[in-house]
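So the structure is just underneath, and the comments pick up after that.
The values are calculated or read from the model by the stated rules, or taken from the named source; none is laboratory data. Owing to the predicted nature of the structure, the values given are computational and were not obtained by experimental measurement. Every residue, glycine among them, receives a Cβ derived from its backbone with ideal geometry; neighbour counts consider all protein chains shown. Side chains included, ligands, DNA and RNA excluded: accessible areas come from the protein's heavy atoms. Shrake-Rupley method; radii C 1.70, N 1.55, O 1.52, S 1.80 Å.
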Amino acid sequence: QVHLVESGGGLVQAGGSLRLSCVMTGGTINNYAMGWLRQAPGQEREFVIGSSRSLGLTFAADAVEGRFTISRDNAGNTVYLQMNKLKSEDTAIYYCASAVSVSSMKTSNVAYWGQGTQVTVSS
């Protein structure tokens, strides 16, 4: 059974940085598009950033373009989300996800979800 376990969330001041990690067990990240979605209070879950399965191409939502990056450590079966220049509107629960494609992930059509990790940005 595949599991995704996130870590690295917390409280940070606006303008600061944070890195989230997501470890996959029971599977191999090479077999999936990997990415992150988030859900702010009272809002629907939204796509943040994704990495395609074969070429590792990155696709980011407009709101985070140029500030957030995603990377893969295939040996460690881990995906990272580096978040820079954080804003108060980035406050949300961040979910790691695996899917057949980034396109699927954008519509929350996900194979596996992590449990989520809270990111709070104070202004």
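Please work out which residue is farthest from the chain's Cα centre (by Cα), limiting yourself to segment 24-54 and to residues that are in a strand (DSSP E or B) and more than 26 Å from Lys85 (Cβ to Cβ).
Within segment 24-54, the match that is farthest from the chain's Cα centre (by Cα) is Thr25.
Taking segment 95-107 as the search range and keeping residues that are within 17 Å of His3 (Cα to Cα) and open to solvent by less than 50 Å² (accessible area, probe 1.4 Å), which one is farthest from the chain's Cα centre (by Cα)?
So, considering only residues that are within 17 Å of His3 (Cα to Cα) and open to solvent by less than 50 Å² (accessible area, probe 1.4 Å), the one farthest from the chain's Cα centre (by Cα) is Ala99.
Being part of a strand (DSSP E or B), at negative phi and touching a residue at least 24 places away in the same chain (Cβ under 8 Å) is the requirement here; does Val121 meet it?
Yes; evaluated as a whole, the condition is true for this residue.
Scan segment 58-81 for residues that are assigned to a loop (DSSP other than H, G, I, E, B), open to solvent by 30 Å² or more (accessible area, probe 1.4 Å) and either in contact (Cβ under 8 Å) with a residue 40 or more places away in the chain or touching a strand residue (DSSP E or B) at 6+ places or on another chain (Cβ under 6 Å) (or both) and jot them down. Give the steps one after another, and end with the answer.
Applying the first criterion (assigned to a loop (DSSP other than H, G, I, E, B)) to segment 58-81 yields 61-67, 74-77.
In the following step, the residues that additionally are open to solvent by 30 Å² or more (accessible area, probe 1.4 Å) were identified as 62-63, 65-66, 74-76.
The answer is Asn74, Gly76.
What are the residues in segment 85-101 that are part of a strand (DSSP E or B) and either at pLDDT below 95 or more than 15 Å from Ser123 (Cβ to Cβ) (or both), if any?
Result: Ile93, Tyr94, Tyr95, Cys96, Ala97, Ser98, Ala99.
From the list Leu11, Leu18, Leu86, which one is open to solvent by 60 Å² or more (accessible area, probe 1.4 Å), over 21 Å from Ala111 (Cβ atoms) and in contact (Cβ under 8 Å) with a residue 60 or more places away in the chain?
Leu11
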